[in-house]
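Quick notes on the structure that follows.
The values are calculated or read from the model by the stated rules, or taken from the named source; none is laboratory data. Being a predicted model, the structure only gives us computed values, none of them experimental. Cβ coordinates were reconstructed from backbone atoms using ideal geometry, including for glycine residues, and neighbour counts include every protein chain displayed. Each accessible area value is taken on the protein alone, full model and side chains, heavy atoms only, with ligands, DNA and RNA left out. Shrake-Rupley method; radii C 1.70, N 1.55, O 1.52, S 1.80 Å.
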Amino acid sequence: MKPSALAHARARSCGPLPLGPGAPAPAGMTRLTRADSTGQALPAWPDGATPSLLEEYQVPPVAVERSGETRRVLATVLKCCWTDLSVDPWPGVPAPVELVLDTYRALIGRTDDLMRNWAVGALRRLHDSAWVAVHDGLVSLGPRCALWPVESHAQLQELVRRIPEPDRAELTVVADADIVAAAEPAPGGGMRAETGAAEFDDLLGGYDERRRAELVAAYMAVEHAAEPVQEARFAALRDPALRHTLAEMLARRGRVLVQHRERWTSGYDDGCAPALEPHGPAAEGWALGVSERAVLTLVLVHSVAIPRAEGLLPEDSWLSPHPTPVEELRRHTQVPIGELESALRVLRHAGLLTQVKAGEEAGGYVPGPQFHRLTPAARRRLQEELILAAGPHTPLAAAVRARRSAP
Amino acid sequence: MSVDGLTLERVPEQPLTLDAALSEEAVLSTYRRMFAALARDSGAVVDDPVLVDIAETLFSAFAEAGEEWLTHEQMRFACRAYPADQFDNRLRVLKGLGAVREVFPKPNQLRYRASFTSVVGLMFIRRMMDDGGQSEMHRLLALEDLNVADPRTTMEEARQSAVNLARAFRLWALELVTLTTGTIEELREQAPKLWGTEEIARRAQGLHGTILTRWPELDRVCTDLRAAIYAYSDASRRAAGRLADSAGTTRNLTLLPTETWRTFSQTATKERLAAVLDGFLFDAPAPWHDPAAVARAVDEAPRPAPVQPTPPRSTLPDPGPEGSLDTSQSAATERLAQVAESLLGEASRVALADVIGSDWPSARRLLADLTTVDLRPELPYRLVWSDELSVDPGREPAWLSHGHLERTA
């Protein structure tokens, strides 16, 4: 597999890719350069598209947890960090967390602790998804803000002007500027975003305007829709020739098409996981910790394996309508309760678990939409890993081991 | 267990579904296999599982009856849930095979007893039903292990046991091999009952080792046994392998029992659970916040709640009734003194009957006031009651206890 495809797979699974001093961004990525010429790389989309394209096709994008609140906090951060409206929003300047919280308070007109907790939670989610960076009591705009297209900057400027200034002059003990100056001696200087070369031109160049747009739309749909999309809705999925080109586009990003009857989505190429494995869980960036993986395994056992063994789950899928009760996770497992709550939060935010609510006490968690994206080989491997773990001495486990050791 | 060629009717209230028919067929096939060695000819084994239930009901009735034994009527009563012709048929067969016998072998014997052997046999059958003989094999191996280790065991006995085990393993392996080449559905259904866990193979090999160490002369028999064990392990692996190959992506999860899954989820350490997902790539959270969506979220922000408006007030000064009531301590005392004085007038003593009037509601209020006056030592009036009580139904109040209000000062 090409190194650039692997780099894309890594950026998708771990967040923005760290780059060494002067190292160029892999093909198809935007390089966000810091003053010391190190930087981060983020995948860019073909033909200036963004996931907002999905709205035109009425395909729901990946759900955002508490979307209204999260976006209001993002707007607040933008207000505090984007001080010079004559330049691009990213990188902006860092702002103290307290200023952000005060501005948010002024925006929604509530001053209670609950509001503050919600805002802090939203900041954490935005940090985890690289939309903002919270560090040492300072908030700055995250790398993903550099992906906002230039055309939309006017809308953002207008938005920032509408957000009220907080009324806090006499409360501040240390001036905001001093906090920022103390934390970062050389703020923001020399940071810039460099858009990478157009990556798919050799593939898309041969198509007319309409087909090209259809390919880009299908690409965005399989990559960013929450669920697999209907084949009938996208010409590039219906037509085998276009679909072939689509698969080639995806392959350059370490992705493959995954089919569910008449619906399509995309997943990691099966070659990606072993190739990324030697690097271990990324030292930088997002990765599932031990307790998160443990909780996810438990949900798979309770929502899929057990209903399957009882014959309640007819479909051959890793998604399930049988929720794992939170009580079951809390009371009958070896995962400490303190770690459970934060693990559930992380898994929910990543779309690995979906919360099912039913009445006051019932409900629980089922495997989330990410499980649509497992390739058949990955789904089979998941089954085998579960069997090896739960019944290591069964003939079935022996057969799995034998097949794996076979050349 | 012959049905003697009788045609039997099914219990009518149970509609026969495909699933029910399949499971009944599975039950019967085990019965047939169990007793194939004893049957006179094929078709001589029961062809309705209800017949076995009747036998079981009968045996438990016998167990409860104890030394009272059971008469024919009592047996019929115990099996009242089943149709009469099925019961008669069953009893005839059980009697014919000696499972139910007369207490004393005399003509016209009315009382019956059950055979212990048959009951044990039935228990064994039921257990075989559950796992196709796996746990029996475990027990058998454990027993044989004890036997061959026993100093009293002779070489001939050990040889016999090795031969028997070798035969059992060989037949077991053959059945698995046949299944493995058959349909995948049948394999999925039957294999977990038949294939051996590593533990059975290990036990069998342990037994084989014990025999060979103690009686090296038996090496030929032991070679046979070893070959049979290997053949069986191999057949198990092959059946599992075929299932693993044809499994789809979650279907094989059915092949581990629910209990195994529960035990795993409840006892596995965090690290063991996490290891399942090693090497799987998942997406980092990367929701897209479109500028338009951000602006929309700000527009939809909950507005600061407006201050509650106060209700409208009159523009004219209106102090209300406040102040018209004198709440001071002396006001109450003065009022009470006035009440007492107005009743007494010039006199120092008046009869209550003269002053309360005939209107009970106002008389009641007056009496309450006077009692208060009486209880206040600072007021110079007292009530004095006499024992006299006059009753006059025509008057109001009809019951009157007589008393006087007196001035004391």
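Observations, loosely collected:
- Within segment A:131-146, considering residues that are within 16 Å of the chain's Cα centre (by Cα) and open to solvent by 10 Å² or more (accessible area, probe 1.4 Å), the one nearest to the other protein chains (Cβ to nearest Cβ): A:Arg144
- Candidates in segment B:342-380 are the residues that are out of contact with any helix residue (DSSP H, G or I) (no Cβ under 8 Å at 6 or more places or on another chain) and of a type in the set (D, E, K, R); of these, the one that is farthest from B:Leu405 (Cα to Cα) is B:Asp359.
- Scanning segment A:76-91 for residues that are of a type in the set (Gly, Ala, Ser) and in contact (Cβ under 8 Å) with a residue 12 or more places away in the chain turns up nothing.
Yes/no per residue for (1) modelled with pLDDT of 75 or more; (2) assigned to a loop (DSSP other than H, G, I, E, B):
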position: B:Asp4; (1), (2): no, yes
position: B:Val27; (1), (2): no, no
position: B:Arg33; (1), (2): no, no
position: B:Leu58; (1), (2): yes, no
position: B:Ala63; (1), (2): yes, no
position: B:Asn89; (1), (2): yes, no
position: B:Leu94; (1), (2): yes, no
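- Tally, over segment A:150-166, of residues that are within 12 Å of chain B (Cβ to nearest Cβ) and open to solvent by 30 Å² or more (accessible area, probe 1.4 Å): 9
- Total residues in segment B:292-304, condition open to solvent by 30 Å² or more (accessible area, probe 1.4 Å) and facing chain A (nearest Cβ under 7 Å): 5
- Within segment A:67-86, the set of residues being within 27 Å of the chain's Cα centre (by Cα) and of a type in the set (A, V, I, L, M) comprises A:Val73, A:Leu74, A:Ala75, A:Val77, A:Leu78.
- Restricting segment B:268-291 to residues that are at the interface with chain A (Cβ under 7 Å from one of its Cβ atoms) and surrounded by fewer than 15 Cβ atoms within 10 Å (Cβ to Cβ), the residue that is farthest from A:Ala225 (Cα to Cα): B:Thr269
- Answer residue from segment A:42-66, given it is touching a Gly at 6+ places or on another chain (Cβ under 8 Å) and among the hydrophobic types (A, V, I, L, M, F, W, C) and is farthest from B:Trp288 (Cα to Cα) among those: A:Ala44
- As a summary of the residue check, A:Thr354 satisfies the conditions (1) more than 7 Å from chain B (Cβ to nearest Cβ); (2) touching a Lys or Arg at 6+ places or on another chain (Cβ under 7 Å) except for the one numbered (2).
- For A:Val366, the stated conditions do not hold, so it cannot be described as open to solvent by less than 30 Å² (accessible area, probe 1.4 Å), facing chain B (nearest Cβ under 8 Å) and in contact (Cβ under 8 Å) with a residue 40 or more places away in the chain.
- Annotation: B:Thr210 fulfils all but one of (1) open to solvent by 10 Å² or more (accessible area, probe 1.4 Å); (2) within 11 Å of another protein chain (Cβ to nearest Cβ); (3) among the β-branched types (Val, Ile, Thr); the unmet one is (2).
- The set of residues in segment A:392-407 that are more than 7 Å from chain B (Cβ to nearest Cβ) and among the polar types (S, T, N, Q) contains only A:Ser405.
- Residue within segment A:375-392 that is among the small types (Gly, Ala, Ser) and outside any helix (DSSP H, G or I) present: yes
- Some residue of segment A:307-326 being of a type in the set (Gly, Ala, Ser), buried (at least 19 other Cβ atoms within 10 Å of the Cβ) and without any contact (Cβ under 8 Å) to a residue 24 or more places away in the chain: yes
- Filtered residue count, segment A:92-130, keeping only those that are open to solvent by 20 Å² or more (accessible area, probe 1.4 Å), touching a residue at least 40 places away in the same chain (Cβ under 8 Å) and within 11 Å of chain B (Cβ to nearest Cβ): 4
- Residues that are more than 15 Å from B:Ala340 (Cβ to Cβ) and part of a helix (DSSP H, G or I), drawn from segment B:353-393: B:Ala353, B:Trp360, B:Pro361, B:Ser362, B:Ala363, B:Arg364
- Exactly one residue among B:Glu406, B:Glu346, B:Glu396 is without any contact (Cβ under 8 Å) to a residue 12 or more places away in the chain and not in a helix (DSSP H, G or I), and that residue is B:Glu346.
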